[in-house]
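K.L.:
Just dropping this structure here.
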Amino acid sequence: MNTARLILVLLLPIFGGCANHAPAPVIDRSSVPTSAKSVATADAGGDYVVKKGDTLYGIALDHGQDYKDIAAWNSLDNPNHIQVGQSLRVTPPSGAPVAVTKPVVSSAPIEVKATTAGVGANDDAVKHAPLGGKVPYSDEALARMRRESSGQSEVKPAASAPKPAEKTAERTVLASDEIEWIWPASGKLLTPFTEGGNKGVDLAGKSGDAVLAAASGVVSYAGTGLRGYGNLVVLRHNATWLSVYAHNSRILVKEKQTVAQGQKIAEIGSSDAESPRLHFEIRRQGKPVDPQKFLPPR
C-alpha cells in the first residue's frame with residue numbers, strides 16, 4: 001500500500017504538467033472561400049508569386065495590365081512559360097514609358113525653297129521656269145521671291161492638318177478617367193454580378209448575335225488562353241479601365257487593334273458555357289466591378 005502511494009505521488013507532477021498545455025488547434029483549410037484562394041495580389045514592391053493554375057493572361061487581367069507588358073517587364077520570351085513559385089513584376093518599372101494613341105503633329109514648318117537669282121531682272125524667265133526647279137510659277141510665288149530679294153521676311157505657311165498616327169500603341173491614355181459605357185449586347189440578363197462570385201453579368205443571346213465594344217479602346221487580348229472564358233476579347237480603355245467579353249463563337253478583332261464604341265468585335269456563342277451567352281465584365285485596375293452600376297438603365 002505504501003508502495004502504491006509512493007508511485008502516485010511521483011506521477012502527480014507529470015499529470016499536472018500535461019493538463020497545463022492546450023491541444024494544438026486544427027485549421028480547416030477547406031472553409032476558405034474559393035474566390036479568396038484565387039485572388040491575385042501583388043506585394044508592396046509590385047511583384048506577384050505564380051500559383052498553381054495561374055496563366056500570364058489571368059495574372060494580367062487581375063492586375064489590370066496587358067500580358068505583353070508583363071512579359072516585357074519580366075523578359076519572358078514565351079507568355080505560356082511561367083512556373084509555380086516564380087516572382088513576376090506586375091506593375092510598370094519606374095521610368096517605364098506609357099504608350100499613347102494619338103495623332104502625331106509635326107512641329108517643323110513646311111518650307112518652299114526658291115532660287116532668287118534673276119528676280120526683278122528677268123521676271124519673264126521666272127514665269128516660264130519652276131522656282132528653284134521645283135515650284136511652278138504663280139503670282140504668289142513670284143511675289144514671295146520679290147520679298148526675299150528685297151530682304152523682307154517671309155510668312156511661312158502653316159503646317160497642314162495632322163494625319164492620324166498608325167495604330168501601333170497597345171494602351172490608350174485618355175484625358176479623362178470617366179467613360180460613358182453602352183450595353184455590349186441586347187439580350188436579357190441571365191446572371192447578375194455577385195461579389196466574390198460572378199465577376200460580371202451574363203446576357204442571353206443567340207449564336208451569331210453581335211457583341212459590341214462597350215467603349216472605345218484597344219484590343220489587349222483576343223484568344224482562348226483564360227480557362228472558363230472560352231473565346232475571349234479584352235479591351236483596354238485607359239490606364240484604369242478594362243472590359244471583358246467571353247464565350248464568343250467568333251472573334252472579329254486582333255490584338256493591338258483600335259476599336260470604336262459600338263463596333264462589332266465578336267459574335268455570341270457558348271464556348272466554355274452551357275448555352276449561348278455573353279459574359280461581360282468591367283474592371284477597374286484589374287478589380288471586377290458591377291457593370292450595372294456603370295451601364296445606362298434599360
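Since every read-out is calculated from the coordinates, none of them should be taken as a lab result. Everything numeric in this text was worked out from a predicted model, so none of it was measured. Neighbour counts are summed over all protein chains in view; Cβ atoms, including those assigned to glycine, are modelled from backbone coordinates with ideal geometry.
K.L.:
Multiplying the sequence separation of V84 and T240 by 0.36 nm and subtracting their Cα-Cα distance, what value in nm do you get?
P.N.:
Separation in residues times 0.36 nm, less the Cα-Cα distance, equals 53.4 nm.
K.L.:
Work out from phi, with θ = phi - 60° and the Karplus expression 6.51 cos²θ - 1.76 cosθ + 1.60, the ³J(HN,Hα) of each residue of segment 238-248, listed in order in whole Hz, and give x for Gly and Pro.
P.N.:
6, 5, 10, 10, 10, 10, 10, 10, 10, 6, 5
K.L.:
Summing Lys, Arg as +1 and Asp, Glu as -1, what charge do residues with Cβ under 15 Å from the Cβ of V201 carry, V201 excluded?
P.N.:
The answer is +2.
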